[in-house]
């Protein structure tokens, strides 16, 4: 029998927001083995499994993607047509199209099978605060 939950993540602008502790707590209550699927329910945010030991990793990832896809008011982005929701919106959609919006994670004995330095992150691409939702589905085999 699959189990489901929704995690709401408040963001304060671009960056990686770790959700690993909340996912671990929920999985602990479920117990057992299976596959966890996480899905972000937005078109301008992503999900990543990334290093959670050194915060410079997250800072460097943010800097890289900002350099790769700058705001629409940057002269290099003059070709963008979708600008009605601000200069950060279309670049946020581009970033979300480049990165995963869902993750599959094995679960053993009620624990996500992550590597030692791996954490689960919501990657917010918009400049203004948002309430993001991550749908979780635990399938048992």
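Quick notes on this structure:
- Within the range 48-57, considering residues that are farther than 25 Å from residue 89 by Cα and touching a helix residue (DSSP H, G or I) at 6+ places or on another chain (Cβ under 9 Å), the one surrounded by the most Cβ atoms within 10 Å (Cβ to Cβ): 52
- Taking the criterion of being without any contact (Cβ under 8 Å) to a residue 40 or more places away in the chain and loosely packed, with under 14 Cβ neighbours inside 10 Å, the residues of the range 1-27 that qualify are 21, 25.
- Selection status of residue 61, closer than 22 Å to residue 141 by Cβ, part of a helix (DSSP H, G or I), at pLDDT 95 or above and out of contact with any helix residue (DSSP H, G or I) (no Cβ under 8 Å at 6 or more places or on another chain): no
- Flag for residue 114 being touching a strand residue (DSSP E or B) at 6+ places or on another chain (Cβ under 6 Å) and either surrounded by fewer than 14 Cβ atoms within 10 Å (Cβ to Cβ) or at pLDDT 95 or above (or both): no
- Condition check for residue 44: touching a strand residue (DSSP E or B) at 6+ places or on another chain (Cβ under 9 Å) and surrounded by 15 or more Cβ atoms within 10 Å (Cβ to Cβ): yes
- Scanning the range 64-76 for residues that are in contact with a helix residue (DSSP H, G or I) (Cβ under 7 Å, 6 or more places away or on another chain) and not in a loop (DSSP other than H, G, I, E, B) yields one hit, 65.
- Pick from the range 25-47, criterion touching a helix residue (DSSP H, G or I) at 6+ places or on another chain (Cβ under 8 Å) and assigned to a strand (DSSP E or B), ranking: farthest from residue 101 (Cα to Cα): 36
- Here the range 117-139 is the region considered, the condition is being in contact with a helix residue (DSSP H, G or I) (Cβ under 9 Å, 6 or more places away or on another chain) and farther than 21 Å from residue 52 by Cβ, and the residue that is surrounded by the fewest Cβ atoms within 10 Å (Cβ to Cβ) is 127.
- So residue 83, is it loosely packed, with under 15 Cβ neighbours inside 10 Å, more than 30 Å from residue 33 (Cβ to Cβ) and in contact with a helix residue (DSSP H, G or I) (Cβ under 7 Å, 6 or more places away or on another chain): yes
- Here residue 64 clears all of (1) under 20 Å from residue 17 (Cα atoms); (2) surrounded by 13 or more Cβ atoms within 10 Å (Cβ to Cβ) except the condition numbered (2).
- Evaluation of residue 81 against (1) more than 26 Å from residue 10 (Cβ to Cβ); (2) in contact with a strand residue (DSSP E or B) (Cβ under 8 Å, 6 or more places away or on another chain) (one fails), failing number: (2)
- Restricting the first member to the range 28-55 and to residues that are on the phi > 0 side of the Ramachandran plot, and the second to residues that are in a strand (DSSP E or B) and surrounded by fewer than 19 Cβ atoms within 10 Å (Cβ to Cβ), the beta-carbon pairs closer than 7 Å and six or more apart or on different chains are 34/139.
The values are calculated or read from the model by the stated rules, or taken from the named source; none is laboratory data. This is a predicted model, so every value here is computed, not measured. Glycine also receives a Cβ, built like all others from the backbone with ideal geometry; neighbour counts cover every protein chain displayed.
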